[in-house]
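The structure under discussion appears below in the form of structure tokens.
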Amino acid sequence: MTVSSPRAHSKDFADPRPPANAGMTRSTFLRVAIAGTAAAAIAPQIVGATPAHADDTGYPAPSSGGLPPGPSTHGFLSDDVLNWSPESDEYARHFRCLIPRAKRIAPFTATQAHPDLDPTTQLLTVSGDYRGDVYDIRAQPIGGQDQVYTQRFWPYIDIFSSWHGQVVPSDKNPDPGDDDLRYGVIDIPNPGWTEAAHKNGARTIGCWFWPRNDDFDKWVYKDASGGFPAGKKLVEIKKYFGFDGYFINQEAAVTKAQITALFEMFRYMKTLDDDVYIQYYDADLPGSGKLDYQNEINEKNVGSLGTPADPGVDSIFMNYDWPKVDPDLTGSRDTVKRHGFDPKTAAFGSTECQQGGFNPRENFSAYANPNTKAPVSWALFVENEYWNTAAQKGITDTATGRAKYRDYEQKFWSGPKGDPSQSGKLEPRKPPYRTDILNTRVWDGVAHSIVEKSAISSLPLVTNFNIGVGSAFAIEGRRAGRRPWNNAGIADPSLTWQYWTEESGHATSAVALDETTAWDGGHSLKLTGTARHRDSVTLHLFKTEVRLHRESEVSIKVSGTSGRIELGLTFRDDPESPEWIPLHGRPSGAWRTVSARLHHQRGRTVAKISLRIHGDHRGTIDMNIGQFKAVDPSAARRPEPPRRFRIDRVDTTRHTTSAYLSWELGRRCWAYDLFAVHGRSRIWIGRVHRNVYYAHDLPIDAGRLSVEIVPIAQDGTRGRGVLAHRTLSET
């Protein structure tokens, strides 16, 4: 894979990148260890960190941290995999995704932002899932940094592959500047990203990278029974941690016997788990083991797929020089079809975004847009590098900087106007490419090629616009935690469109995330604009396939100024005639609730949910939406309090006290909030979906540590809290 990185992580692999204007006859790779997170409750203590950014914001630079406090993920070499078990992996429980992958609803062209766009084209992203983080060579998915990147455009993504190098657990005190660190062949995806992906119906896959300083024959050893011990363990690891498969970046030559055994191992893994997804990178040839990038799918590499009767891997990621070899990707499409496979599921044309940004060499959208049916599916490589670059410069250390780069993010996915229904470049592309890489005007937007997808098929549907990171944390509109935090796994299901708006008459509008105020979590949705007289602004939120019942109702939390707010429901049986239902409520403090019962619409299936906002008496809209909630109240049940909540271990230093917490999962529990209790204060320290938590830098009250856990149901209903105590003398 072609990678741009601030430094190499091993003296064994120098940077082989050609000059920017050189032809890419082969892909090149420089190992990258994507940043991990700090510990849970606060901005981290940095172990072995470099000085602060050049702009002297006071934050350590991304990738400058060594081993973070508390549990941290790690890479796996062959011996690590062969000897792995949940019991032997000390912190394995902290990196599990317990959320099953949601089933996505069927496409419905009437509600697409581009009704003429082909919904069968898939999108895979190979992305840094710790971008912007201080920690790099070991990572913590739950931390105390508000500048960390989290993915919020899951409706476009079918498959996400992690892209980060992690050192192996036997490297006890890794130093980011050490050239002799040992990186794993296998890295598991950030479990928070897996949780977020599964809520939205997307797959996540771990990453295999070769070459590493390891014995390849141990990976492909076949035992006397015909099984592959390493393959069996890879399936166990996948199932235990809850992700969906592996991206195989096999990028150094091996023997013919070794490559044959590797593909036999892939087949063996599928006999153990038919849901393990494997994508193979266009590098080593399946018939010889020779490193030979084809930049297309042809007779030399199509064998990776096997045959329909004896399938191999699920798909192939084409190398980046396909514009020179197979310019419109039809040759690859025809090869895949000729061998009996669907090119939309088996073939992925790539775009190298890490170096190209908004102006890459590869122009996939020329062959996949509302007027042109894509020949194959699409793969993006490190599309979030602009965020990492900004973090390296200290730009995302501030709320203003984060807002600026979230605007870049919105334009990358939704197009240069920031509206997926208006995607498409505003200026023609022209060489030299991989220059002027933040020029959003020459980029069509992902939404110009990929149809938005949804997994919303039933109620409850609740979003607080939580994206899994924030500079503070609110509960019911009040600040419960005042420190930065990041945990991608507690993000709410993504809005289907960000942001699809329609203005009537002379109305104007702007929509953005706002981290200065929130109802629950770290953000709300800010809507500003003008709408005089009968003008209005419509904001489309969700694509759904939800059947309403007699007791179904919708409510939203709002603050600020606006006129009337209406709920728009587009029904599958009459998509051209949406129904607009007034939302009513009374002022009550900073946040007010407006709602409507939907009993008149019972029995009908909602295909799209929208809001229509009118201006106030001055024609002004300046409001925040803190929560959207659609529920069947009769189905609501309080979550069961967790059992056996305890403080398993307390670590103390001269300056901090940290704790390892565990409990038994309760019935009807979707998530858990954790609070440090200090005197009369109750301080939020984290939210999690699993049954363990590491909390860093906790307050001690007269030698006693007290922590409370509160269960939360999927509709937001909160259950009874449970306290756990421990005195320092017990540690």
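Restricting to the stretch 293-317, name every residue that is of a type in the set (D, E, K, R) and touching a residue at least 40 places away in the same chain (Cβ under 8 Å).
D310, D314, listed by residue number.
Please verify whether K103 is closer than 26 Å to R690 by Cα and surrounded by fewer than 20 Cβ atoms within 10 Å (Cβ to Cβ), treating the condition exactly as stated.
yes
Which of the residues belonging to the stretch 250-284 are hydrophobic (A, V, I, L, M, F, W, C), surrounded by 20 or more Cβ atoms within 10 Å (Cβ to Cβ) and touching a Leu at 6+ places or on another chain (Cβ under 9 Å)?
V254, I259, M265, M269, V276, A283
Taking F95, is it under 17 Å from T194 (Cβ atoms) and either buried (at least 20 other Cβ atoms within 10 Å of the Cβ) or at pLDDT 95 or above (or both)?
The answer is yes for F95.
Which one of these is surrounded by 23 or more Cβ atoms within 10 Å (Cβ to Cβ) and either out of contact with any Ser or Thr (no Cβ under 7 Å at 6 or more places or on another chain) or among the charged types (D, E, K, R) (or both): V446, V442, V469?
Numbers: V442 fails: surrounded by 23 or more Cβ atoms within 10 Å (Cβ to Cβ); V469 fails: either out of contact with any Ser or Thr (no Cβ under 7 Å at 6 or more places or on another chain) or among the charged types (D, E, K, R) (or both).
Sole residue among the options that is surrounded by 23 or more Cβ atoms within 10 Å (Cβ to Cβ) and either out of contact with any Ser or Thr (no Cβ under 7 Å at 6 or more places or on another chain) or among the charged types (D, E, K, R) (or both): V446.
Only one of G75, G70 is modelled with pLDDT of 95 or more, in contact with a Phe, Trp or Tyr (Cβ under 8 Å, 6 or more places away or on another chain) and closer than 16 Å to P191 by Cβ; which?
Values: G70 fails: modelled with pLDDT of 95 or more.
The conditions single out G75.
If a residue has to be of a type in the set (A, V, I, L, M), farther than 15 Å from I709 by Cβ and not in a strand (DSSP E or B) to count, how many in the stretch 632-670 make the cut?
Matching residues across the stretch 632-670 total 2.
Here is a yes/no grid of residues against (1) more than 31 Å from the chain's Cα centre (by Cα); (2) on the phi < 0 side of the Ramachandran plot; (3) at pLDDT 95 or above:
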residue: T657; (1), (2), (3): no, yes, no
residue: E664; (1), (2), (3): no, yes, yes
residue: C669; (1), (2), (3): no, yes, yes
residue: H678; (1), (2), (3): yes, yes, no
residue: I685; (1), (2), (3): no, yes, yes
residue: H689; (1), (2), (3): no, yes, yes
residue: Y693; (1), (2), (3): no, yes, yes
residue: I700; (1), (2), (3): yes, yes, no
residue: P711; (1), (2), (3): no, yes, yes
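If you go through the stretch 195-202 one residue at a time, do you hit one that is among the basic types (K, R), surrounded by fewer than 24 Cβ atoms within 10 Å (Cβ to Cβ) and farther than 17 Å from G468 by Cα? Break it down into steps so the answer makes sense when it comes.
Looking only at the stretch 195-202, we keep the residues that are among the basic types (K, R), and these are 199.
Filter once more, keeping what is surrounded by fewer than 24 Cβ atoms within 10 Å (Cβ to Cβ): 199.
From what is left, the residues that are farther than 17 Å from G468 by Cα are none.
Looking for residues that are among the basic types (K, R), surrounded by fewer than 24 Cβ atoms within 10 Å (Cβ to Cβ) and farther than 17 Å from G468 by Cα, one finds none in the stretch 195-202, hence no.
Can we say T570 is modelled with pLDDT of 95 or more, closer than 24 Å to S454 by Cα and surrounded by 15 or more Cβ atoms within 10 Å (Cβ to Cβ)? Outline the logic, then answer.
Working: modelled with pLDDT of 95 or more: yes; closer than 24 Å to S454 by Cα: yes; surrounded by 15 or more Cβ atoms within 10 Å (Cβ to Cβ): yes.
Yes: the conditions hold for T570.
(1) free of Cβ contacts under 8 Å to residues at least 40 places away in the same chain; (2) farther than 30 Å from D632 by Cα: which one isn't true of R646, the others all being true?
All conditions pass for R646, except number (1).
Find the helices (runs of 4 or more DSSP H) located wholly in the stretch 319-438 whose residues include 2 or more that are crowded, with 23+ Cβ neighbours inside 10 Å and in contact (Cβ under 8 Å) with a residue 40 or more places away in the chain, and list them.
Correct list: 330-338, 353-356, 385-392, 399-414.
May I ask you to verify whether T111 is more than 19 Å from the chain's Cα centre (by Cα), surrounded by fewer than 16 Cβ atoms within 10 Å (Cβ to Cβ) and under 30 Å from H448 (Cα atoms)?
no
In the stretch 382-437, how many are among the small types (G, A, S) and closer than 30 Å to G165 by Cβ?
4
Considering only residues that are under 19 Å from K417 (Cα atoms), of a type in the set (S, T, N, Q) and touching a Leu at 6+ places or on another chain (Cβ under 8 Å), which ones fall in the stretch 492-548?
T496, T501, S509, T538
Restricted to the stretch 597-637, and to residues that are closer than 30 Å to L665 by Cα and either β-branched (V, I, T) or at pLDDT 95 or above (or both), which residue is farthest from the chain's Cα centre (by Cα)?
D632
Hey, among the residues in the stretch 313-341 that are of a type in the set (S, T, N, Q) and more than 19 Å from C353 (Cα to Cα), which one's nearest to the chain's Cα centre (by Cα)? Steps first, please.
As a first pass, look at the stretch 313-341 and keep what is of a type in the set (S, T, N, Q): 315, 319, 330, 332, 335.
Subset that is more than 19 Å from C353 (Cα to Cα): 315, 330, 332, 335.
On the way: S315: 21, T330: 31, S332: 29, T335: 32 Å.
Filtering first and then ranking leaves S315.
Which residue out of T496, T517 is surrounded by fewer than 20 Cβ atoms within 10 Å (Cβ to Cβ), among the polar types (S, T, N, Q) and in contact with a His (Cβ under 9 Å, 6 or more places away or on another chain)?
Details: T496 fails: surrounded by fewer than 20 Cβ atoms within 10 Å (Cβ to Cβ).
The match here is T517.
Got at least one residue in the stretch 698-706 being in contact with a helix residue (DSSP H, G or I) (Cβ under 9 Å, 6 or more places away or on another chain), touching a residue at least 60 places away in the same chain (Cβ under 8 Å) and surrounded by 17 or more Cβ atoms within 10 Å (Cβ to Cβ)? Reasoning before the result, please.
Applying the first criterion (in contact with a helix residue (DSSP H, G or I) (Cβ under 9 Å, 6 or more places away or on another chain)) to the stretch 698-706 yields 700, 703-705.
From what's left, touching a residue at least 60 places away in the same chain (Cβ under 8 Å): none.
No: the stretch 698-706 contains no residue that is in contact with a helix residue (DSSP H, G or I) (Cβ under 9 Å, 6 or more places away or on another chain), touching a residue at least 60 places away in the same chain (Cβ under 8 Å) and surrounded by 17 or more Cβ atoms within 10 Å (Cβ to Cβ).
Would a scan of the stretch 656-665 turn up a residue that is farther than 27 Å from F473 by Cβ and surrounded by 15 or more Cβ atoms within 10 Å (Cβ to Cβ)?
So far as the stretch 656-665 goes, no, none of its residues is farther than 27 Å from F473 by Cβ and surrounded by 15 or more Cβ atoms within 10 Å (Cβ to Cβ).
State which residue pairs qualify: first residue not assigned by TED's automatic domain parsing to the domain that holds N486 and inside the stretch 118-132, second residue in a strand (DSSP E or B) and of a type in the set (G, A, S) in any location, beta carbons under 6 Å apart, and separation of 6 or more residues or different chains.
Between residues of the stretch 118-132 that are not assigned by TED's automatic domain parsing to the domain that holds N486 and residues that are in a strand (DSSP E or B) and of a type in the set (G, A, S), the close pairs are T121/S377; Q122/S377; L124/A379; V126/S161; D129/S162; Y130/G36; Y130/A139.
Restricting attention to the stretch 103-132, which residues are under 18 Å from T73 (Cβ atoms) and out of contact with any helix residue (DSSP H, G or I) (no Cβ under 8 Å at 6 or more places or on another chain)?
Start the filter on the stretch 103-132 by keeping residues that are under 18 Å from T73 (Cβ atoms), which leaves 126-132.
Within the stretch 103-132, V126, S127, Y130 qualify.
I'd like the full set of residues that are touching a Pro at 6+ places or on another chain (Cβ under 8 Å) and over 27 Å from N295 (Cβ atoms), limited to the stretch 237-283.
Hits for the stretch 237-283 are Y240, F241, G242, F243, K270.
Is the stretch 523-533 home to any residue that is surrounded by fewer than 22 Cβ atoms within 10 Å (Cβ to Cβ), in contact (Cβ under 8 Å) with a residue 12 or more places away in the chain and charged (D, E, K, R)?
Checking the stretch 523-533: at least one residue is surrounded by fewer than 22 Cβ atoms within 10 Å (Cβ to Cβ), in contact (Cβ under 8 Å) with a residue 12 or more places away in the chain and charged (D, E, K, R).
The values are calculated or read from the model by the stated rules, or taken from the named source; none is laboratory data. No experiment lies behind these values; they were computed from the predicted model shown. Note that each Cβ is placed from the backbone with ideal geometry, even for glycine, and that neighbours are counted across all protein chains shown.
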